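Trainee: Please read through the structure below; I'll follow up with questions.
Laboratory data are not the source of any read-out in this text; all were calculated from the coordinates shown. Note that the structure is a prediction, hence the values are computed from the model and not measured. Every residue, glycine among them, receives a Cβ derived from its backbone with ideal geometry; neighbour counts consider all protein chains shown.
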Amino acid sequence: MTQTHAYGAASASQPLAPLNIERRQPGPHDVKIDILYCGVCHSDLHTVRNEWHNTLYPSVPGHEIVGTVVAVGDRVTEFKPGDTVGVGCMVDSCQHCASCAEGEEQYCENGFTGTYNGPMFGGENTWGGYSENIVVNEKFVLRVGHDAGQLAAVAPLLCAGITTYSPLRHWQAGPGKKVGIVGLGGLGHMGVKLAHAMGAHVVLFTTSPGKQADAKRLGADEVVISKDAAQMAQHAGSFDFILNTVAAPHDLDAFITLLKRDATMCLVGAPASPHPSPNVFNLILGRRRLTGSAIGGIRETQEMLDFCAEHGIVSDIEMIAMKDINEAYERMLKGDVKYRFVIDMATLKQEAKAA
Ligand code: NAP
Ligand code: ZN
């Protein structure tokens, strides 16, 4: 075991603070990664505050990790020291159920192991990327093909990128399709960029009128203020697909009624408390579908990273020092981030050295 500096929460009511965690020595199939950057996902906040009622403490979040390989186990074939790599939301899965066999480890029937707060069905806690380094089985490590200068902005692709890419691909966003993205936060802004790059006609729904110009710049063809009923009514029955990233309970019918017959709205936002139940008639009359989606498999995450490298896509980020994480959470709750905070992990290393 090696002592590793990190930031985490001791309980739901305490802010994040420095703490030490232990990382295992790399086993035969493990890759040890020196973390350069870690994105700040709203799921980090839900978890440290125990909003999903399953948090193990201390809780060290962070699942949008980019770093450099510093050591590999003797059976590792895909990576070597010096490689630039990423780690997303998963660090393990059973590897033998039907979902794992199909490369859909996020739906592992025995429960995948999360990068933090890992054990779904028992086992030890895991600690995420708000730390100096991490040790991960090579099957859950991704190759990063972007330029060295873009690495901070690549980090959010590991969760916000794949969580929007996977459903956009599954429901075939592309030329001739009218696709809605609800919410312009970390996930939403990646959804706009990716749906645009896939060739869809993209409509961004926001509660924040101040985000309209940014949405257009990011690739939205149209922007709708979702609180304006008249603007919403102009789009009734017209969407092929809507991806809803909102992190708070809200009226789903306002969006379901915008779907065409047989079209789908997919929820990826995971609020702390339930949405009001939708009106069944809006689903029945039109055979519309309401569904959900979890991140994406490892193979698809690599496909997404390669797609983004090829299309020059990264996240729009605000870089922060590790010590500013609690303030960043408060701003994220207000929707005040353009459009993803990323922690420069050099600041944690400097802080630890000075202490
Ligand atoms: P975020 O950066 O905070 O963005 C959420 C956006 O939702 C906000 O920017 C805001 O956009 C909108 N919003 C927030 N509160 C709202 C309210 N009360 N009413 C209407 N709109 C509101 O969060 P994120 O990191 O993108 O994460 C979004 C959600 O996805 C979280 O619940 C997170 O846990 C979840 N998530 C799920 C998965 C998965 O696998 N399914 C993966 C990662 C994250 P506007 O200002 O434009 O309205
Ligand atoms: Zn996330």
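Trainee: Taking only DSSP H segments of four or more residues, each worth -39500 (n - 2.57), what value at 222 nm results for the chain once the sum is divided by all its residues, to the nearest 500 deg cm²/dmol?
Mentor: Numbers: 12 runs with 91 residues, N = 355.
Calculated from helices alone, the mean residue ellipticity at 222 nm is -6500 deg cm²/dmol.
Trainee: Ok, one more. Provide the net charge surrounding Glu78, with neighbours chosen by a C-beta distance below 11 Å and charges set as Lys +1, Arg +1, Asp -1, Glu -1.
Mentor: +2
Trainee: Given the C-alpha centroids of the range 128-167 and the range 1-80, what is the distance between them in whole angstrom?
Mentor: Cα centroid of the range 128-167 versus Cα centroid of the range 1-80: 13 Å apart.
Trainee: I'd like the orientation of helix 298-311 relative to the chain: the angle between its Cα long axis and the longest Cα principal axis, in ° from 0 to 90, rounded to 10.
Mentor: 70 degrees
Trainee: Rounded, prolate or oblate: which fits the range 207-355 when a ≥ b ≥ c are the square roots of the eigenvalues of the alpha-carbon gyration tensor, with rounded for a/c under 1.5 and prolate only if a/b beats b/c?
Mentor: Because a/c hits 1.5 or more and a/b exceeds b/c, the range 207-355 counts as prolate.
Trainee: Sort 178-184, 24-30, 243-249 by packing, meaning the average of other beta carbons within 10 Å per residue, with the highest value first.
Mentor: Numbers: 178-184: 27.1, 24-30: 14.4, 243-249: 21.9.
Top of the packing list down: 178-184, 243-249, 24-30.
Trainee: Along the charge dipole of the chain, pointing to its positive end and built from +1/-1 on Cβ of Lys, Arg, Asp and Glu, which listed residue (Val202, Val314, Tyr37) has its Cα farthest out?
Mentor: Val202
Trainee: Another one. So what are the three principal axis dimensions of the chain from its Cα atoms, in whole Å, longest to shortest?
Mentor: The principal-axis extents, from largest down, are 59, 41, 39 Å.
Trainee: Another question about this same structure. Assuming a viscosity of 1.002 mPa s and a temperature of 20 °C, what translational diffusion coefficient in µm² per second does Stokes-Einstein assign to the range 12-112, Rh being the Kirkwood radius over Cα pairs?
Mentor: On the way: Rh = 15.7 Å.
Translational D for this selection: 137 µm²/s.
Trainee: Out of Thr257, Asn282, Ile298, whose Cα points farthest toward the positive end of the dipole of the range 248-299 (charges: +1 Lys, Arg; -1 Asp, Glu; placed on Cβ)?
Mentor: Of the listed residues, the answer is Ile298.
Trainee: Determine the dipole magnitude for the range 283-348: charges of +1 sit on the beta-carbon of Lys and Arg, -1 on that of Asp and Glu, nothing else is charged, the reference point is the Cα centre, and the result goes in debye to the nearest 20.
Mentor: 540 debye
Trainee: If you don't mind, there's one more thing I want to ask. Tell me which lysines have Cα within less than 22 Å of Lys177's Cα, excluding those fewer than 8 residues away on the same chain?
Mentor: Lys193, Lys216, Lys260
Trainee: Identify all lysines with a Cα-Cα distance to Lys349 below 16 Å; exclude those on the same chain that are fewer than 8 residues away in sequence.
Mentor: Filter leaves Lys323.
Trainee: Among 220-232, 289-301, how do they line up by average Cβ neighbours within 10 Å per residue, starting with the highest?
Mentor: Averaged packing, sorted descending, gives the order 289-301, 220-232.
Trainee: About the Cα centre of the chain, how large is the charge dipole given +1 on each Lys and Arg Cβ and -1 on each Asp and Glu Cβ? Please answer in debye to the nearest 20.
Mentor: Charge dipole of the chain: 660 debye, to the nearest 20.
Trainee: Then there is this: How would you rank Phe239, Phe112, Phe281, Phe307, going from fewest to most other Cβ atoms within 10 Å of each one's own Cβ? All intermediate terms of the calculation are to be shown ahead of the outcome.
Mentor: Details: Phe239 23, Phe112 26, Phe281 9, Phe307 18.
Final ranking by Cβ density, sparse to dense: Phe281, Phe307, Phe239, Phe112.
Trainee: For the range 177-266, what does the alpha-carbon gyration tensor say about shape, rounded, prolate or oblate, given a ≥ b ≥ c as the root eigenvalues, a/c under 1.5 as rounded, and a/b over b/c as prolate?
Mentor: Numbers: a/c = 1.42, a/b = 1.14, b/c = 1.24.
Because its axes are fairly even, with a/c under 1.5, the range 177-266 counts as rounded.
Trainee: Could you work out the local net charge near Arg261, counting Lys and Arg as +1, Asp and Glu as -1, over the other residues with Cβ closer than 13 Å to its Cβ?
Mentor: With Lys, Arg at +1 and Asp, Glu at -1, the net is +2.
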